[in-house]
Amino acid sequence: ASINEYYDIAFKVMLLGDSAVGKTCLLVRFKDGAFLGGNFIATVGIDFRNKVVDVDNLKVKLQIWDTAGQERFRSVTHAYYRDAQALLLLYDITNKPSFDNIRAWLTEIHEYAQKDVVIMLLGNKSDMAAERVVKTEEGEKLAKEYGVPFMETSAKTGVNVELAFLAIAKELKHRA
Ligand code: GDP
Ligand code: MG
């Protein structure tokens with residue numbers, strides 16, 4: 001894809017969630033189809049990546065912003081996601097505190113994000129079945145309570161990664 005890749009409509013998407021839940025890896029997986037293990041990008045993060053996806057014959061450009069170093073609750077400035085049209089909120093299925101913090105994230109989001117922002121809840125690291133501490137049903141229940149869609153993803157294996165971003169693109173296109 002060239003820098004000037006054609007698109008019909010563009011949206012700003014932001015990845016949110018506690019540190020180490022897999023935000024950067026999810027973005028790299030979606031953009032490049034690769035998994036970078038270890039801590040290489042964990043501390044660095046990336047700013048944003050563009051990817052154009054097809055939704056009903058329309059080219060939808062997602063400009064996806066990563067967050068690095070600002071993940072700690074309340075240190076992500078409100079201005080940071082005020083202009084985002086979609087928010088992907090991640091937790092790690094092997095990390096209970098990252099799941100418990102989702103409520104705080106959602107409270108903050110509902111206060112400061114755009115009123116019509118598209119939100120999706122993602123339970124990442126679904127490949128780590130042996131270390132799982134958050135049941136799929138717990139994620140589903142929380143998502144239902146807040147009226148947002150939910151999926152379990154793996155940036156490592158790629159499971160549901162494309163699907164999650166496509167669902168976001170579809171919803172954004174329908175609302176536009
Ligand atoms: P971030 O701080 O939310 O950006 O998290 P990172 O993307 O840097 O990932 C944190 C750590 O979790 C790294 O060591 C990754 O290799 C690992 N990781 C991220 N996603 C997955 C996943 O889906 N499965 C597994 N097994 N490890 C993952
Ligand atoms: Mg990161």
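The values are calculated or read from the model by the stated rules, or taken from the named source; none is laboratory data. This is a predicted model, so every value here is computed, not measured. Every residue, glycine as well, gets a Cβ built from its backbone with ideal geometry; the counts of neighbours run over all protein chains shown. In case anyone asks, the SASA skips ligands and DNA or RNA and just uses the protein heavy atoms, side chains included. Shrake-Rupley method; radii C 1.70, N 1.55, O 1.52, S 1.80 Å.
Once the whole set of protein chains is in place, how much accessible area is left on Glu137, using a 1.4 Å probe, in Å² to the nearest 10? The accessible area of Glu137 comes to roughly 110 Å². Counting only DSSP beta bridges with both residues in the chain, the antiparallel share comes to about 30 percent. With R₀ fixed at 30 Å, the C-beta to C-beta distance from Ala68 to Glu108 puts the FRET efficiency at about 0.95.
Accessible surface calculations at 1.4 Å, restricted to protein heavy atoms, place the chain at 51 Å² per residue. Along the Cα-to-Cβ line of Val55, 7 Å from the Cα, sits a label point; which residues in segment 139-154 have backbone N less than 15 Å from it? Zone members listed by number: 149.
Over the chain, with every protein chain in place, what whole percent of the accessible area is carbon and sulfur at 1.4 Å, could you tell me? So the carbon and sulfur contribution to the accessible surface is 51 percent. Using a 7 Å offset from Cα along Cα-Cβ at Lys141, what residues in segment 90-117 end up with backbone N under 20 Å from the label point? Label zone hits: 90-107. Multiplying the residue separation of Asp116 and Tyr80 by 0.36 nm and removing their Cα-Cα distance gives an extension gain of 11.3 nm. Across segment 165-171, rounded Karplus estimates of 3J(HN,Hα) from the backbone phi angles (6.51 cos²θ - 1.76 cosθ + 1.60, θ = phi - 60°) give 5, 5, 4, 5, 4, 4, 5 Hz, Gly and Pro being marked x. Which FRET efficiency value, to the nearest 0.05, do you get for Leu163 and Lys96 by plugging their Cβ-Cβ distance into 1/(1 + (r/R0)^6) with R0 = 30 Å? Efficiency for this residue pair is about 0.75. Here segment 51-176 is assigned +1 on the Cβ of each Lys and Arg and -1 on the Cβ of each Asp and Glu. Its dipole about the Cα centre then comes out at about 200 debye.
Alpha-carbon geometry of the chain: the Rg and the Dmax are 15.1, 44 Å, given in that order.
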